[in-house]
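Colleague: Could you have a look at this structure, given as structure tokens, before my questions?
The values are calculated or read from the model by the stated rules, or taken from the named source; none is laboratory data. Predicted model, so just to flag it, every value in this text is computed and none were measured. All Cβ positions, even for glycine, are placed from backbone atoms using ideal geometry, and neighbour counts span all protein chains on display. Accessible surface is based on the protein model in full, side chains and every heavy atom, while ligands, DNA and RNA are left aside. Shrake-Rupley method; radii C 1.70, N 1.55, O 1.52, S 1.80 Å.
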Amino acid sequence: MADIDPRQLLLSIYRKALAAVEGGHAVERWLRTHPPDTGPWHLVAVGKAAEAMTIGALAVLGDAVHSGLVITKSGHLSGALGNDGRFAMMYAEHPWPGEGSLQAGDALLDFIETAPVDGRLLFLISGGASSLVEVPVAGVDLAFLRRATDWLLASGQPIDEVNRVRQRLSRIKGGGLRRQLGGRDALALVVSDVPGDDPRAIGSGLLAEPLPGSVGGLPDWLAERLASTPADLAGLPAVPHYLVASLQHALDAARRAALETGYPVSMWPHLLAGDAGLAGREIATSLRHAPPGFLIGGGETTVMLPDAPGHGGRNQHFALAAATVLDGQDDCWLLAAGTDGTDGPTSDAGALVDGGSIERGCAGGLDPDVALERADAGSFLAVSGDLISTGPTGTNVMDLVIGLCVGSVMPANAGSDQKESVE
């Protein structure tokens, strides 16, 4: 182990996976292999990868883009488009909608309305769009939206259930935005942050179809306010949607990078979902008892939040729960991180834990079980020195988990990329 830093090795694999699904490269790659009609194009980009996806589109379309509206989360604009007078840039709130989300919704409707009827609209949609842009149905205000979001995020509901509720509270989700197109041609390129890559769920399906099925299990105050049926899209032409990046692309890239080390690689057999603590312990148990090698998986777990939760997100919760299983092991490491560079309401992407994480955190006066109970994994992992910080990544394809157990011997070619870091 003297010749290799396993932590840097895991971070290197994580970075290579992110590069494979970076929004700019993904959009540029798709447009070059599927040359679009000539313009003029009027571009709308919404989500955490909005700026990156716009840059990718401009690399192919260039001057054929006549105007654009870019809506993203605070901190996710680098300024690369700042001097381009064709574009209006807006920040909005995530994961709770705010005043900026409503302003962005109004700006989106205005942008579409003022686009020439013979112009083509190119929509670039990525994760985060559900919160970043909103036009609520009559009788729903921002206070209600925030209360509903509080309940949904704390409930541990799967993302499809969350998006069914969002669609019933919105004039533009569940395909509602199609009503505003007025016959204009439109095309949507999407980076998926949802299981199954269903365009009806990505960004709550702004231009797709409503998610089927009923909405149940809601508190009375929320159920009574939902629209009784999804948006009526009868007679409105469908908008073609094309997937340009997904979790599977990231998993494939991680697998290729891991195989380059000389270790065998096992892929987790199903999408990670459900309670983050249970999933973290399950993965760590498998890693701990498996033969030497990598274990790679992905998905999106949930955390049932207590009253007054602490600091952290689902990946930090997952990682801390895994660390309680790996405690005392000197040959196992596990990374759990979001691909967007954030984890829930935090600015950390996740964490990379090992057999000494619990001891380091306890030495700082914290208790891992209490931290998990209080949804305060981030505080523990800050003390143990295990948080991962990347900044915005230009993508969002759910979460990655990369585990490594080395046994007593490292392959001779392991660690060739050990100097890479996400810091």
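Colleague: Of the residues that make up region 347-356, is at least one modelled with pLDDT of 95 or more and surrounded by fewer than 21 Cβ atoms within 10 Å (Cβ to Cβ)? If you could, list the steps in order and put the result at the bottom.
Modeller: Let us first name the residues in region 347-356 that are modelled with pLDDT of 95 or more, namely 348-356.
Right, trim to surrounded by fewer than 21 Cβ atoms within 10 Å (Cβ to Cβ) and you get 355-356.
Checking region 347-356: at least one residue is modelled with pLDDT of 95 or more and surrounded by fewer than 21 Cβ atoms within 10 Å (Cβ to Cβ).
Colleague: Something else about it: Output the number of residues of region 383-413 satisfying the condition of being open to solvent by 60 Å² or more (accessible area, probe 1.4 Å) and modelled with pLDDT of 95 or more.
Modeller: In the first step, residues of region 383-413 are kept if they are open to solvent by 60 Å² or more (accessible area, probe 1.4 Å); the result is 383, 392, 408-409, 412-413.
In the following step, the residues that additionally are modelled with pLDDT of 95 or more were identified as 383.
The qualifying residues number 1.
Colleague: Now, a different point. Do the conditions hold for LYS16, that is, is it modelled with pLDDT under 95, open to solvent by less than 70 Å² (accessible area, probe 1.4 Å) and either aliphatic (A, V, I, L, M) or under 18 Å from the mean Cα position of the chain (by Cα) (or both)? Write out each step before concluding.
Modeller: Working: modelled with pLDDT under 95: no; open to solvent by less than 70 Å² (accessible area, probe 1.4 Å): yes; either aliphatic (A, V, I, L, M) or under 18 Å from the mean Cα position of the chain (by Cα) (or both): yes.
For LYS16, the condition - modelled with pLDDT under 95, open to solvent by less than 70 Å² (accessible area, probe 1.4 Å) and either aliphatic (A, V, I, L, M) or under 18 Å from the mean Cα position of the chain (by Cα) (or both) - is not met.
Colleague: Which one of these is aliphatic (A, V, I, L, M), under 17 Å from VAL44 (Cα atoms) and surrounded by fewer than 20 Cβ atoms within 10 Å (Cβ to Cβ): LEU187, LEU233, LEU177? Give the steps one after another, and end with the answer.
Modeller: On the way: LEU233 fails: under 17 Å from VAL44 (Cα atoms); LEU177 fails: surrounded by fewer than 20 Cβ atoms within 10 Å (Cβ to Cβ).
From the options LEU187, LEU233, LEU177, the qualifying one is LEU187.
Colleague: Further question: Any chance you could count how many residues in region 360-382 are open to solvent by less than 50 Å² (accessible area, probe 1.4 Å) and among the charged types (D, E, K, R)?
Modeller: Summing the residues that are open to solvent by less than 50 Å² (accessible area, probe 1.4 Å) and among the charged types (D, E, K, R) in region 360-382 gives 1.
Colleague: When the residues of region 237-259 are filtered to those that are over 22 Å from the mean Cα position of the chain (by Cα) and surrounded by 15 or more Cβ atoms within 10 Å (Cβ to Cβ), which remaining residue is nearest to LEU124 (Cα to Cα)?
Modeller: Step by step, filter region 237-259, then rank; the result is VAL239.
Colleague: Any idea which of GLY75, GLY98 is of a type in the set (Gly, Ala, Ser), more than 22 Å from HIS241 (Cβ to Cβ) and touching a residue at least 60 places away in the same chain (Cβ under 8 Å)? It would help to see each step written out before you state the result.
Modeller: On the way: GLY98 fails: touching a residue at least 60 places away in the same chain (Cβ under 8 Å).
The unique qualifying residue is GLY75.
Residue by residue, here is whether (1) within 21 Å of GLY344 (Cα to Cα); (2) at pLDDT 95 or above; (3) of a type in the set (A, V, I, L, M); (4) within 20 Å of the chain's Cα centre (by Cα) holds:
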{"position": "PHE111", "(1), (2), (3), (4)": "no, yes, no, no"}
{"position": "ALA115", "(1), (2), (3), (4)": "no, yes, yes, no"}
{"position": "LEU124", "(1), (2), (3), (4)": "no, yes, yes, yes"}
{"position": "GLY139", "(1), (2), (3), (4)": "no, no, no, no"}
{"position": "LEU169", "(1), (2), (3), (4)": "no, no, yes, no"}
{"position": "GLY174", "(1), (2), (3), (4)": "no, no, no, yes"}
{"position": "ARG179", "(1), (2), (3), (4)": "no, no, no, no"}
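Colleague: Of the residues that make up region 60-68, is at least one open to solvent by 60 Å² or more (accessible area, probe 1.4 Å) and acidic (Asp, Glu)?
Modeller: Quick first cut of region 60-68, residues open to solvent by 60 Å² or more (accessible area, probe 1.4 Å) only: 63, 66.
Then keep just the ones that are acidic (Asp, Glu); that gives 63.
The answer is yes; a qualifying residue exists.
Colleague: Quick check on region 81-100. Is at least one of its residues at pLDDT below 95, in contact with a His (Cβ under 9 Å, 6 or more places away or on another chain) and open to solvent by less than 30 Å² (accessible area, probe 1.4 Å)?
Modeller: For region 81-100, residues at pLDDT below 95, in contact with a His (Cβ under 9 Å, 6 or more places away or on another chain) and open to solvent by less than 30 Å² (accessible area, probe 1.4 Å): absent.
Colleague: Quick one: would you say LEU153 is more than 24 Å from THR339 (Cα to Cα), of a type in the set (A, V, I, L, M, F, W, C) and touching a residue at least 24 places away in the same chain (Cβ under 8 Å)? Working first, answer last.
Modeller: Numbers: more than 24 Å from THR339 (Cα to Cα): no; of a type in the set (A, V, I, L, M, F, W, C): yes; touching a residue at least 24 places away in the same chain (Cβ under 8 Å): yes.
Judged against the criteria, LEU153 is not a match.
Colleague: Would you check which residues across region 326-341 are more than 11 Å from LEU287 (Cβ to Cβ) and open to solvent by 20 Å² or more (accessible area, probe 1.4 Å) and list them?
Modeller: Within region 326-341, ASP327, GLY328, ASP330 meet the criteria.
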